[in-house]
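*Asks:* Questions regarding the structure given below will be posed in turn.
The values are calculated or read from the model by the stated rules, or taken from the named source; none is laboratory data. Bear in mind that the values here come from a model prediction, so they are computed numbers and not experimental data. We place every Cβ from the backbone using ideal geometry, glycine too, and count neighbours over all the protein chains shown.
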Amino acid sequence: MKVLYFAWLRERVGTGEEEVSPPPEITSVSALMDWLAKRSAGHARAFENRDIVRAAVNQEFADPADAVSPGDEVAFFPPMTGGRP
Amino acid sequence: MIRVQADDFDVGAEIAALTAGNTHIGGVVTFTGLVRDFAGNTAVGTMTLEHYPGMTERMLGEIEAEARRRWPLDASLIVHRHGPLAPGDRIVLVITASAHRQAAFEAAEFLVDWLKTKAPFWKRESGPRGDRWVDARAADDDAAARWQAPRQE
């Protein structure tokens with residue numbers, strides 16, 4: 001599974017992209033966040049406030065309850081702030 | 001058509017390219033977003049726009065397709081820049097062309113409202129007090145909500 005991080009999540013985790021192999025019981029976006037948060041202090045900081053973390057699975061916006069599976073591209077990022085005049 | 005690029009764009013050249021050969025078009029509306037030198041009360045030096053390559057193009061394409069379902073457009077273009085930008089720089093371009101002006105005006109406004117909330121861009125501003133990631137603003141969600149969601153998330 002490919003996990004991508006953007007903006008301050010990328011800075012806190014320390015990388016913009018990592019390949020991970022979560023155990024089979026990790027089947028949702030929220031479970032994946034719990035699992036990723038334990039990988040390092042940086043990951044824990046990135047996921048410390050879930051209310052301001054958004055996710056996409058295979059480049060489609062996803063809710064915490066949405067499914068993830070091996071081979072997916074899962075991205076985590078803050079709410080978008082681009083292009084604002 | 002949508003493009004995501006680091007380079008600047010030429011508004012006149014884009015209009016000419018988009019409308020060339022289509023004499024059915026009666027009106028062209030363009031919106032150009034510029035980088036402002038103030039964010040709230042904070043002076044901004046430069047800023048950097050990060051995006052999600054792949055998803056950005058996909059989301060801009062979906063937003064454009066939604067506009068073309070809603071309005072009879074003959075042509076449309078979204079150009080969004082990323083990377084380092086300074087106050088005064090052009091950052092986003094929306095062009096809509098239609099036989100009649102109303103569709104072009106409405107579609108352009110729809111596109112601008114939606115791309116601000118749906119496109120995966122994140123802004124990091126550099127000011128006198130250092131760098132900071134810009135928080136999302138509820139006002140943008142409100143502006144987009146006027147149009148109702150083009151699809152459920």
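Residue-wise test of (1) more than 14 Å from chain B (Cβ to nearest Cβ); (2) surrounded by 15 or more Cβ atoms within 10 Å (Cβ to Cβ); (3) of a type in the set (S, T, N, Q); (4) more than 21 Å from B:Glu57 (Cβ to Cβ).
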{"position": "A:Trp8", "(1), (2), (3), (4)": "no, yes, no, yes"}
{"position": "A:Ile52", "(1), (2), (3), (4)": "no, no, no, yes"}
{"position": "A:Ala56", "(1), (2), (3), (4)": "no, yes, no, no"}
{"position": "A:Phe61", "(1), (2), (3), (4)": "no, yes, no, no"}
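*Asks:* Could you list, in sequence order, the residues of the stretch B:111-130 that are at pLDDT 85 or above and of a type in the set (D, E, K, R)?
*Replies:* Result: B:Asp113, B:Lys123, B:Arg124.
*Asks:* Quick one: would you say A:Val74 is surrounded by 13 or more Cβ atoms within 10 Å (Cβ to Cβ) and either without any contact (Cβ under 8 Å) to a residue 24 or more places away in the chain or within 14 Å of chain B (Cβ to nearest Cβ) (or both)?
*Replies:* yes
*Asks:* So in the stretch B:35-50, with the set limited to residues that are under 27 Å from A:Tyr5 (Cα atoms) and among the aliphatic types (A, V, I, L, M), which one is modelled with the lowest pLDDT?
*Replies:* B:Ala39
*Asks:* Sticking with this one: Provide a single number: the residues in the stretch B:1-15 that are surrounded by 11 or more Cβ atoms within 10 Å (Cβ to Cβ), out of contact with any strand residue (DSSP E or B) (no Cβ under 7 Å at 6 or more places or on another chain) and among the aliphatic types (A, V, I, L, M).
*Replies:* Of the residues in the stretch B:1-15, the ones surrounded by 11 or more Cβ atoms within 10 Å (Cβ to Cβ) are B:1-5, B:8-11, B:14-15.
Going one step further and asking which of them are out of contact with any strand residue (DSSP E or B) (no Cβ under 7 Å at 6 or more places or on another chain), we end up with B:10.
From the residues that got through so far, the ones that are among the aliphatic types (A, V, I, L, M) too are none.
Looking only at that region, the number is 0.
*Asks:* Among the residues that make up the stretch B:2-22, is at least one of them among the aromatic types (Phe, Trp, Tyr) and closer than 30 Å to A:Val57 by Cα?
*Replies:* Within the stretch B:2-22 (the criterion being among the aromatic types (Phe, Trp, Tyr) and closer than 30 Å to A:Val57 by Cα), the answer is no, since none of the residues qualifies.
*Asks:* From the list B:Thr117, B:Thr56, B:Thr46, B:Thr32, exactly one residue is within 30 Å of A:Arg10 (Cα to Cα), in contact with an Asp or Glu (Cβ under 6 Å, 6 or more places away or on another chain) and either surrounded by fewer than 20 Cβ atoms within 10 Å (Cβ to Cβ) or of a type in the set (Val, Ile, Thr) (or both). Which is it?
*Replies:* B:Thr117
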